Amino acid sequence: MRAYRYTGLHKAELSEIPDPEPGLGEVLVRVGASGACHSDLGILAAPPGAFPTPLTLGHEVAGYVDRLGAGVSHWDIGEPVVVHALLGCGRCRACTQGLENQCRTVEFDAVGLTRDGGMADYVVVPETHLVRVGDLDLTQAAPLADAGLTAYHAIDLSRNALRPGAYCVVIGVGGLGHMAVQILAATSAVSIIAVDVTDGALDLARRLGAAHTVKSDHDAVQHIREIVGPVPEGADVVFDFVGVTATLDIARQVVSPGGRLVLVGLGQGELTFRPTPGNPLNPIPLETTAVVPYWGNHADLVEVVALSRAGLVKAETEVFPLAEVEEAYAKLERGEIRGRAVMVP
Ligand code: NAD
Ligand code: ZN
Ligand code: ZN
């Protein structure tokens, strides 16, 4: 079969490898669609040794149950499914509570991060990490596995702060951010302020439910404050789906006292915290909570699939044949993808 494999620093190629075999408790999934996450670019740029090589990329996968490994009887051949790729270790205290995203061991395991993923014709997955998607188009189902799931989990963690009428800033309206805007619109009555560097992303945000859009430049803080009110007013919740120093700086300057910073993007920026007497607003307002969500758990995926099947969330996709996977990642790196790039074998 074909598989797009990371082989070393900044190196990946579409190669021909033997079809994988499902082992005990595993299912072979014929890939129907596989989304390209910005984190895949992070894998390509990571220090050698941080991820195994060779590694088939792709942790956002939907497909059809193709073959069952020994001991598996729960699934029907041909059933359409989405993969919950975050496996955890399955044994630590967090994993046994269904909180694989808090796995407390170094044996952390995930499809497409530590074992072969779904940028391929087939992928092997533990039978316990599949979710049925019914008649959902698989190019819609795949982005739910990370872009949808991570956004949903991050929003769910902040549910108490997302009161009707609250101001909510979403920085970075790409794969994750454009799902977040829709999930906020579908599950709350907050006023969404979308922030991005590209006009295309801001147009998309407005179409998906953002009440305001702000260009992410050196005037962004001022423009957001014109909407949410001057200091010490501010936004109740700020999601940063970029995580570079420039966006973290915007986030901390527009969050209200008692507000919530939700830091999802892995852009390697720095957020400084400098407790200072007599300067209650800088650099982070008093009583502010910061949370660092990670991906999402099985139950979150079931719920985000339900939102999608109810027609309340629709991924904006750019679909590529698997043969053009390299071009898709290149476009993602150049910031030219609207929503999510999805590969179809
Ligand atoms: P993406 O490339 O699809 O989207 C990024 C968006 O941010 C684009 O619209 C881009 O124009 C915008 N952007 C870039 N620089 C900006 C700036 N300075 N200000 C405002 N907007 C800016 O990426 P994605 O796949 O949505 O991933 C987003 C981030 O989240 C990445 O860092 C990724 O690694 C990370 N991520 C984290 C988790 C988690 O669980 N914490 C899960 C998945 C992805
Ligand atoms: Zn990802
Ligand atoms: Zn664990």
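Quick look at the numbers
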{"read-out": "Qualifying aspartates and glutamates (Cα of each under 13 Å from Cα of Lys215; at least 8 residues distant if same chain)", "value": "Asp196, Asp199, Asp203"}
{"read-out": "Efficiency of FRET between Leu266 and Arg225 - r from beta-carbon atoms, R0 25 angstrom, step 0.05", "value": "0.40"}
{"read-out": "Accessible surface, 1.4 Å probe, highest first, among residues Phe241, Phe51", "value": "Phe51, Phe241"}
{"read-out": "Set of region 257-299 residues, backbone N closer than 14 Å to the point 7 Å along the Cα-Cβ line of Thr245", "value": "267-273"}
{"read-out": "Cβ-derived FRET efficiency at R0 25 Å, Thr128 paired with Glu16, nearest 0.05", "value": "0.25"}
{"read-out": "Largest to smallest accessible area among Cys168, Cys103 [probe 1.4 Å]", "value": "Cys103, Cys168"}
{"read-out": "Dipole moment magnitude, nearest 20 debye, region 82-200 about Cα centre, only Lys, Arg, Asp, Glu C-beta charged", "value": "580 debye"}
{"read-out": "Inter-label distance, nm, simple model (7 Å from Cα along the C-beta direction), Ala50/Thr198", "value": "2.3 nm"}
{"read-out": "Difference of contour (0.36 nm per residue) and Cα-Cα distance, Val106 to Arg91", "value": "4.2 nm"}
{"read-out": "Cα-centre dipole for the chain with unit charges at Cβ (Lys and Arg positive, Asp and Glu negative), debye to 20", "value": "800 debye"}
{"read-out": "Positive dipole terminus of the chain, leading residue within Tyr294, Val82, Pro345 (C-beta point charges)", "value": "Tyr294"}
{"read-out": "Simple label model, 7 Å out from Cα along Cβ direction - Val302 to Glu318, nm", "value": "3.6 nm"}
{"read-out": "Thr139, Thr289, reordered so the largest accessible area comes first (probe 1.4 Å)", "value": "Thr289, Thr139"}
{"read-out": "Cα gyration tensor of region 213-331 - equivalent ellipsoid semi-axes, whole Å, descending", "value": "32, 18, 15"}
{"read-out": "Computed E for Glu326/His74 - FRET, C-beta separation, R0 45 angstrom, nearest 0.05", "value": "0.80"}
{"read-out": "Helix-only mean residue ellipticity at 222 nm for the chain, each DSSP H run of n ≥ 4 adding -39500 (n - 2.57), per residue, nearest 500", "value": "-7000 deg cm²/dmol"}
{"read-out": "Val244 accessible area, 1.4 Å probe, all protein chains in place, Å² to nearest 10", "value": "60 Å²"}
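The values are calculated or read from the model by the stated rules, or taken from the named source; none is laboratory data. Everything numeric here is computed off the predicted structure, so don't read it as measured data. A quick note on method: Cβ atoms are made from the backbone with ideal geometry, for glycine too, and the neighbour counts reach across all protein chains shown. We work out accessible area using only protein heavy atoms, side chains counted, and drop any ligands, DNA or RNA first. Shrake-Rupley method; radii C 1.70, N 1.55, O 1.52, S 1.80 Å.
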